[in-house]
1. Could you identify the single residue in T41, T24 that is at pLDDT 90 or above and under 37 Å from the mean Cα position of the chain (by Cα)?
2. If T87 meets every condition in (1) modelled with pLDDT under 80; (2) among the hydroxyl-bearing types (S, T, Y); (3) not in a loop (DSSP other than H, G, I, E, B) apart from one, which number is that one?
3. Does the range 114-130 contain at least one residue that is surrounded by 10 or more Cβ atoms within 10 Å (Cβ to Cβ) and either within 30 Å of F21 (Cβ to Cβ) or at pLDDT 85 or above (or both)?
Amino acid sequence: MPCLAENTGQRRDHVTEPIGFLFTNRHRGPLSPGYVTHTFTRLVAEAGLPPIRLHDLRHGAASLSLAAGNDLKVVQAMLGHSSIVLTADTYTSVLPCLAHSAAEATAALVLEAARSTATSLRGHGGRKQSRRRKGSRGRGKKAKK
């Protein structure tokens, strides 16, 4: 693309390497935390939403992710926690609900397997087929001592 190459060549002396900020000020530096907080608070008020801190959105996203069934390790990576223990300790209030849901899902699988087995057995006439064990001498006969 000649246009892109041309523009890149013209601006090469003004372009700096990315330094890792997603949002920057007009000087390509990091936004000040106070500015971000103030802007977020203003936008929340303008939208008519109840007051919420910007950091609360992080906790909300993590809680929703866990409630959606995402693994704790995935949430740890999403939040950038160095230890899964920190993630587990922070979101323990969400975990009992998830444990209950996991238990219900497991019970549903067991019940479905039991129903499937019962249906299969009914399809074979419902009779158990007896098999002789090794050393068995037949019906009703006792082994002599």
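The values are calculated or read from the model by the stated rules, or taken from the named source; none is laboratory data. This one's a predicted model, so the numbers in the text were calculated from it and none came from an experiment. Reconstructed Cβ throughout: ideal geometry from the backbone, glycine too, with neighbour counts over all protein chains shown.
1. Details: T24 fails: at pLDDT 90 or above.
It is T41.
2. (1)
3. Checked the range 114-130: no residue is surrounded by 10 or more Cβ atoms within 10 Å (Cβ to Cβ) and either within 30 Å of F21 (Cβ to Cβ) or at pLDDT 85 or above (or both).
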